[in-house]
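Take a look at the structure below.
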Amino acid sequence: MAFQRDKLVEVSALLRARIKVSEVANLVGVSRTTVYAIRRAGSGRKSVMDRDSLQNAIQSSPLTPMRQHARQLGVGATTVRRAVAESLVTVERPLLTPAIRAKSFERGQRIMNDLESASLGQVIIISDQKTCTIDPVEEYNIGDEKNVAFLYILHSGFLHCTRYSNGTCCSHSKCAQLGGKAEGNCIFGTCCYFTSEGGNEVGNIRTCGETSSGNGTSFINPSYPSTDTTLSNCQLIVDLLSDNICQLRLDFETFELEQPNVNGECKTDFMKITGSANDNSIPTLCGTNTGKHMYVDLDPTGGNPKINIDTGATSSVTREWKINVDQIACDSQYRAPEGCTQYYMDSSGVVESFNYVQPTVTDMVSLVANIHLNNLRYGVCVASRSDYCSITWSKNDNWGTNPYTFIMSGGGSALGPIIAGTLGVSLQGAANCPSDYVIIPGGEYSDSAVPPTTLYADRFCGGGFPSQVTSNIQPFIMYVTTNDVELIDGDDTNVGFSLQYRQNSC
């Protein structure tokens, strides 16, 4: 018994000296199981812990988990938690020091990017010591100040809710502050939707004379989904969510205004963006643009931009629009590169000029086909995919059913419905394409000779397009230019273009 008591005292002393269990077992000559049993029993006393050491450790590393503090102090995690619970030590953890903010912001950005790119079925778990509710713009809340378990996301943008029109994912308090309607749950609390005054449609809907107050706003004509004829000026003010918003993306879910005049000018009706980083660089639109989109660069400190739709009071044409407006953060992976009015992120797709609608032979003969808009200069960008080294452009002829996929100059009426759209009337180079054209930097194409000859040009116009044009210059971009004298140049019946693109693997 004396021997066992001596062993007990020796083991207990070594454990209090913070010697590892395995080392204690070797030194005393007992099994580790015996050492563990003695440690659990505590020799009739609770584990001895240096409270000052624990206090200093928590103050110097406030975000370190309690379990890690316990390991470093050589005591059990239960002992540390008991000391905190019984207020034997004081835990005052800073909730938002500059260092914590920077670290949490970086982590939050990574998680946001993962959330935005997650596919259906993926589950992303944000786990710390305690869950919490976070507003991504201004506020954060945690339920127990003894546990630091928050993710502070500052101006990192909102995640979208997809019921009805896009809503804003934010806290319940923020939704109430904005005057929205909370529907369901999302990562930051609730999906916040808005209703136009007097309207019945649930969604972030705004019409003439109103201001958007959340992301994913849909700007509609007053009678939508019916049409309007007696309008003059309709304006939406886009209230930017923060000073970290650098772009708008406008998706034209429905866009029907008066067609341009014979010179391709939006004279009667037009949509004009003001308050952007450069208003003159943004195309003025009219006609039919349903299904198309546009990016607008902003000055984050330049005030709120405005979307203006002006319609001629004397016209009896029916107007209808629903424009979905998304705000894009300056540091978002979805921000379009500078100079890109349109931006495509798929490896393949279709690009159409503004006001392009596939014409029929009857349209061409009767001179009623939509014509392209004049005085435009903009870029169409395609996001380069990894392991893809080139891009190929070709006519989007719908398996031969649409011959009129590219008429940029020369006039469809002058060419006639049989010749228009064919390879024989395609033109290349600056000398042949001085007014209306597209530029594909580093373009490589083949002529119609047998065998075909490989040729090089970056400017394309005329009444047709080569069978395909390939470029390996990145970033992938196509520039579109039209001048302001369509009628004088004989370009009054140019329909524009509908082109396919496909990125090619290296």
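Find out how many positive minus negative residues lie around Val238, taking Lys and Arg as positive, Asp and Glu as negative, among other residues whose Cβ is under 15 Å from that of Val238.
Net of charged neighbours comes to -4.
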> Going through segment 285-355, which GluC sites (Glu not before Pro) have at most 13 other Cβ atoms within 10 Å and a DSSP loop state?
Replying inline: Glu338
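With a/c under 1.5 counting as rounded, go ahead and sort segment 253-305 into rounded, prolate or oblate using the C-alpha gyration tensor (a ≥ b ≥ c being the square roots of the eigenvalues; past the cut-off, prolate if a/b is larger than b/c, else oblate).
prolate
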> Which links in Lys272/Lys292; Lys267/Lys395; Lys272/Lys306; Lys272/Lys322 stretch past 20 Å when you go from one Cα to the other?
Replying inline: Lys267/Lys395
> So how much slack lies between Asp484 and Thr33, counting 0.36 nm per residue of separation and subtracting their Cα-Cα distance, in nm?
Replying inline: 153.3 nm
> To the nearest 20 debye, what charge dipole does segment 316-366 have about its Cα centre, counting +1 at the Cβ of each Lys and Arg and -1 at the Cβ of each Asp and Glu?
Replying inline: 140 debye
> Per residue, what volume in Å³ does the convex hull of the Cα atoms of segment 249-346 enclose?
Replying inline: 111 Å³
>> Please state the shape class of segment 308-350: rounded when a/c is under 1.5, otherwise prolate if a/b exceeds b/c and oblate if not, all from the C-alpha gyration tensor.
In response: prolate
> Using Cα pairs under 8 angstrom and six or more residues apart, how large is the relative contact order of segment 254-338, in percent?
Replying inline: 37 percent
> With all protein chains present, how much of the accessible area of segment 203-288 (probe radius 1.4 Å) comes from carbon and sulfur, to the nearest whole percent?
Replying inline: 46 percent
>> What figure, in Å² to the nearest 10, do you get for the accessible area of Cys506 with a 1.4 Å probe and non-protein molecules left out?
In response: 110 Å²
> Rolling a 1.4 angstrom probe over the protein heavy atoms, how many square angstrom per residue are accessible across segment 278-353?
Replying inline: 39 Å²
> Does segment 428-506 come out rounded, prolate or oblate by the C-alpha gyration tensor, with a ≥ b ≥ c the root eigenvalues, rounded set by a/c under 1.5 and, if not, prolate when a/b is larger than b/c and oblate if not?
Replying inline: prolate
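The values are calculated or read from the model by the stated rules, or taken from the named source; none is laboratory data. All figures in this text were calculated on a predicted structure; none of them were measured in a lab. Positions of Cβ are backbone-derived with ideal geometry, glycine not excepted, and every protein chain shown enters the neighbour counts. For the accessible areas, the whole protein counts, side chains as well, though only heavy atoms, and no ligand, DNA or RNA atoms are used. Shrake-Rupley method; radii C 1.70, N 1.55, O 1.52, S 1.80 Å.
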